[in-house]
Structures are given as structure tokens and as C-alpha cells.
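Student: First the structure, then my questions, so here it is.
The values are calculated or read from the model by the stated rules, or taken from the named source; none is laboratory data. For clarity, every value in this text was computed on a predicted model and none was experimentally measured. Reconstructed Cβ throughout: ideal geometry from the backbone, glycine too, with neighbour counts over all protein chains shown.
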Amino acid sequence: MTYDVVVIGAGAAGLMCALTAGYAGRRVLVIDHANKAGKKILMSGGGRCNFTNMATTPANFFSGNPHFCISALKRYRPEHFVELVERHAIDYVEKAPGQLFCADSAKQIVAMLLTECDWAGVEVALKTSVTRVERCGEGMRLLTSQGVIEAGAVVVACGGLSIPTMGASGFGYDIARQFGLAVTETRPALVPFTLTSQWKARANDLAGVACEVSVHCRRDGRRHGNYREPLLFTHRGLSGPAMLQISSYWQPGDELEIDLMPEVDVPSALAAARRDTPRRQLVTWLSEHLPRRLATAIGEWYGESPTLAQLSNAELEAWQQRLSAWRIKPAGTEGWRTAEVTLGGVDTQAISSKTFAVDDLPQLRFIGEVLDVTGELGGYNFQWAWASGVACGQSL
Ligand code: FDA
């Protein structure tokens with residue numbers, strides 16, 4: 001079998017690249033070892049797929065080479081994907097500023113991509129594994145469970161390591177290493193934190209409670225990253241958008257510094273409350289600013305349920321620390337099992353940011369999450385998958 005292009009990975013980036021190359025007249029085959037295309041799209045955004053973020057800029061991405069993503073993101077913008085979604089009459093909603101989700105189901109995005117692939121004449125081979133990729137003159141040769149396939153170009157769109165049960169594998173990194181490319185250290189990101197025994201038990205008691213916080217990561221006395229979003233207590237530890245976001249900065253041993261009341265100046269608000277309502281319980285005041293279960297729990301953690309009048313100035317300061325700069329050292333993260341993305345990946349130094357071709361080997365390309373380009377939470381990772389897929393597909 002011979003194709004102009006073989007794409008390994010029928011995920012977001014691979015399908016987008018395939019349909020773009022197909023419309024450009026290339027004979028394209030997409031191979032995936034999974035039994036369904038776009039499994040991560042299907043499970044994304046709680047089944048509704050946060051398919052883009054209208055405010056996407058290169059600053060929303062982590063990479064050893066922060067300039068690498070600029071070109072593709074500039075050429076294929078969120079408006080372009082929205083236009084595609086609208087052409088397929090898929091209803092969508094803006095859940096948070098800029099974050100667009102399907103109003104109905106993520107299945108519609110996968111169906112849209114497969115329909116476009118079909119219209120573009122792309123063939124999709126599922127349940128097909130690739131055992132070897134090798135150079136073959138000016139082209140490439142793949143050994144697969146369906147036999148030998150020759151291709152003018154191979155596009156590696158295998159994604160990252162998160163959620164192995166959904167088909168994730170390190171195969172893209174293996175191919176990169178085989179052809180002499182570096183792979184930067186990979187880490188699970190956009191992932192909940194786990195806690196040690198005492199804090200784990202406390203989080204467990206509060207499972208389901210959420211509140212808006214501001215969070216930093218602390219390492220060597222310095223703050224890294226800052227997000228103001230909801231925190232969610234879970235049976236295992238801490239989750240919610242604020243925790244998923246800051247996990248991209250977190251390394252083992254780091255502390256989190258959490259402002260539980262980012263909208264309140266705690267010492268002056270407490271001092272005013274002590275002056276105006278001295279007989280009120282501290283926990284009653286806390287529950288004006290925090291969910292009641294959390295307010296009660298915090299009172300118990302610090303063994304205090306005094307009236308406001310009983311608080312000394314020194315105690316006001318202690319409460320400032322507890323509420324505005326609560327420090328906690330996670331035991332770890334939930335890891336690849338639940339991480340939404342992989343930080344790190346194929347080093348972009350030897351890859352063209354315009355065509356995604358490997359320097360000196362233009363018949364081999366890498367796109368999407370397999371590369372060392374990782375977005376923040378909020379639709380950026382899909383925008384990267386679409387943009388890198390289109391840029392590569394147009395150049396094939
Ligand atoms: P992707 O992982 O989509 O596709 C890779 C494909 O390669 C898979 O189909 C896989 O089976 C295949 N493959 C792997 N190894 C192979 C091998 N050896 N042989 C053949 N095929 C192989 N992002 C976002 O922007 N908005 C959101 O709402 C969410 N939500 C979300 C929820 C959850 C639970 C997860 C896990 C992730 C998200 N993401 C997200 C992240 C987003 O899903 C991710 O960044 C993109 O799917 C990456 O697209 P790729 O095409 O690069 O990889």
C-alpha cells in the first residue's frame with residue numbers, strides 16, 4: 001500500500017492534519033491502535049469538549065521554546081475552528097470567558113472531523129498498530145499490523161502519556177529518539193493533587209466543597225504561577241481548575257500557597273468585624289466568606305471557635321496567614337491516570353514551526369501534544385492540536 005501521507009494517531013491533531021492534506025489533494029491514511037477515533041475529544045470538557053479558547057495567545061503555552069507555537073497559532077485562529085463548528089451546525093456555549101464548549105456533546109466534534117476526513121477522501125484505519133517506522137529513500141516505510149505501508153511522509157500525532165487506558169502511549173517519543181531527536185522530560189499536568197494522611201482526611205471530609213481561590217506554587221522561597229479559579233476538595237486531595245492549572249508549575253517537594261478569600265483583606269475585615277460585631281463567633285464570620293462546611297472545618301483545624309472580641313491583634317495576623325496564605329505541601333499528583341496533558345515531549349529545536357517537519361528529514365513530522373508544547377486549562381490544548389494539524393497539513 002502506498003500513500004502520500006500516513007498520520008499515526010486519529011486524535012485531534014492527526015484528524016485535523018489529515019483532512020487538511022486530503023483537501024489539498026493528498027492520498028492520506030490515518031492509523032490508530034484504538035478502536036475509536038478521538039477518544040480524548042470524547043472525554044474532554046466533561047463530555048462537552050472545550051474545543052477552543054477565543055483568547056488564545058502563545059503566552060497560554062509552556063514549552064522549552066516559547067516562540068515555537070507562534071506561527072501556527074497565528075495562522076489558524078480560534079475563529080477558524082468556530083467557523084468549522086458553525087458550518088456543521090454544532091451548537092456551542094461560552095461557559096467561562098473565551099472557553100467554548102459543545103452545547104450538547106463532544107461526539108459532535110469527532111463526528112465533524114470524521115465527516116470532513118471522509119469528504120476529503122481520507123482513509124482511517126483503527127485497531128491498527130505500527131511496529132516500526134523507517135526511512136525509505138525520499139519517503140518512509142511503516143511496518144503495521146495490516147502489513148507494510150509506504151508513504152511520502154509520516155506525521156506523528158500520537159499525543160502524550162496521559163490516560164493510558166484511552167490509548168496513550170510513548171510511541172511518538174520512541175520514533176523521535178529513533179531519528180535522533182531529543183525528548184524533554186515529561187510530567188503529568190492539569191492534574192489533581194494528592195495529600196498526606198492528616199490533610200487527606202480533612203480533604204476527604206470536605207469532598208465536594210468548592211470555593212474560588214488564588215493559588216501560587218512556592219519553591220525555594222519564590223512564587224511560581226498564579227491562578228484565580230475554583231478549588232475543589234476531593235476524597236484524595238485538591239482538585240478544581242485552580243489546582244489543575246497550578247499543577248503545571250508544581251514539582252515534588254513544592255508547596256502551594258492558597259488565598260482562600262482572594263476578594264477579602266482579612267486583617268482589616270476581621271478588625272472591622274471585631275469592632276462592629278464583637279459577640280459574633282469567628283466561624284460565623286468565616287462562613288460569610290467561605291462555604292459553611294469549609295468555615296466550620298477551618299475553625300476545627302485550628303481548634304478555635306472564639307467570639308470576635310476574643311481575638312487579639314496577633315491572632316488577627318495568624319488568621320491572615322491561615323486564610324490568605326494557606327501553605328500546604330501536596331504528597332504528589334494523581335499522575336498519568338487522570339492528568340489532562342503531558343508537559344514536555346519532543347524537543348522543538350530540530351522541527352520547523354511552519355511545516356512541523358524534522359530538519360534534514362522533511363518526510364517526518366510531529367504535531368499536537370507529542371511535542372514539547374502544552375497549554376493551560378481552558379481549550380488551549382485543542383487549539384494547539386487544530387493549529388499544528390492545519391499548518392502541517394497545508395505543507396504536505
Ligand atoms: P490525542 O491524544 O488526542 O490523540 C493521539 C492519538 O494517537 C490517540 O487516538 C491514540 O489512540 C493514538 N495513539 C497513541 N499511541 C499510538 C500508537 N502507538 N499507535 C497508533 N496510535 C496511537 N483540551 C482542551 O483543549 N479542552 C478540553 O476540554 C480538554 N479536556 C480534556 C479532558 C481529559 C480527561 C483529557 C485527558 C484531556 C483533555 N484535554 C482538553 C487535552 C486534549 O485532549 C489533548 O491535548 C489533545 O487531545 C491532544 O491532541 P493530539 O491529537 O495531540 O493527541
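Student: Just to be sure before I move on: is G368 in contact (Cβ under 8 Å) with a residue 24 or more places away in the chain, near the ligand (Cβ under 9 Å from one of its atoms), of a type in the set (G, A, S) and in contact with a helix residue (DSSP H, G or I) (Cβ under 6 Å, 6 or more places away or on another chain) in the structure I sent?
Tutor: Working: in contact (Cβ under 8 Å) with a residue 24 or more places away in the chain: yes; near the ligand (Cβ under 9 Å from one of its atoms): yes; of a type in the set (G, A, S): yes; in contact with a helix residue (DSSP H, G or I) (Cβ under 6 Å, 6 or more places away or on another chain): yes.
In short, yes.
Student: I need every pair where a residue in region 374-392 that is assigned by TED's automatic domain parsing to the domain that holds V155 and at positive phi has its Cβ under 7 Å from the Cβ of a residue that is of a type outside the set (D, E, K, R) and within 8 Å of the ligand (Cβ to nearest atom), sequence separation at least 6 or different chains.
Tutor: Filtered contacts from region 374-392: G378/N50; G378/N53; G379/N50; G379/F51; G379/T52; G379/N53.
Student: Let me ask another. Inspect all residues belonging to region 104-125 and state whether any of them is basic (K, R) and within 13 Å of the ligand (Cβ to nearest atom).
Tutor: Narrowing region 104-125 to residues basic (K, R): 107.
Imposing the further condition that a residue be within 13 Å of the ligand (Cβ to nearest atom) reduces the set to none.
No, region 104-125 contains no residue that is basic (K, R) and within 13 Å of the ligand (Cβ to nearest atom).
Student: Checking S169 against (1) within 13 Å of the ligand (Cβ to nearest atom); (2) modelled with pLDDT of 95 or more; (3) polar (S, T, N, Q), which single condition isn't satisfied?
Tutor: Of the numbered conditions (1) within 13 Å of the ligand (Cβ to nearest atom); (2) modelled with pLDDT of 95 or more; (3) polar (S, T, N, Q), the odd one out for S169 is (2).
Student: Residue check: is S63 of a type in the set (S, T, Y) and within 15 Å of the ligand (Cβ to nearest atom)? Please lay out each step first, then the result.
Tutor: On the way: of a type in the set (S, T, Y): yes; within 15 Å of the ligand (Cβ to nearest atom): yes.
Spelling it out, S63 is indeed of a type in the set (S, T, Y) and within 15 Å of the ligand (Cβ to nearest atom).
Student: Are there any pairs, at least 6 apart or on different chains, whose C-beta atoms fall under 6 Å, with the first in region 115-128 and of a type in the set (S, T, N, Q) and the second at pLDDT 95 or above and buried (at least 18 other Cβ atoms within 10 Å of the Cβ), and if so, which?
Tutor: So the pair list comes out as T128/I31; T128/T144.
Student: Which residues, counting only those in region 371-387, are within 8 Å of the ligand (Cβ to nearest atom) and small (G, A, S)?
Tutor: Across region 371-387, the qualifying residues are G375, G378, G379, A385.
Student: Please indicate, with yes or no, whether at least one residue in region 285-298 is in a helix (DSSP H, G or I), in contact with an Asp or Glu (Cβ under 7 Å, 6 or more places away or on another chain), closer than 18 Å to M243 by Cα and modelled with pLDDT of 90 or more.
Tutor: For region 285-298, residues in a helix (DSSP H, G or I), in contact with an Asp or Glu (Cβ under 7 Å, 6 or more places away or on another chain), closer than 18 Å to M243 by Cα and modelled with pLDDT of 90 or more: absent.
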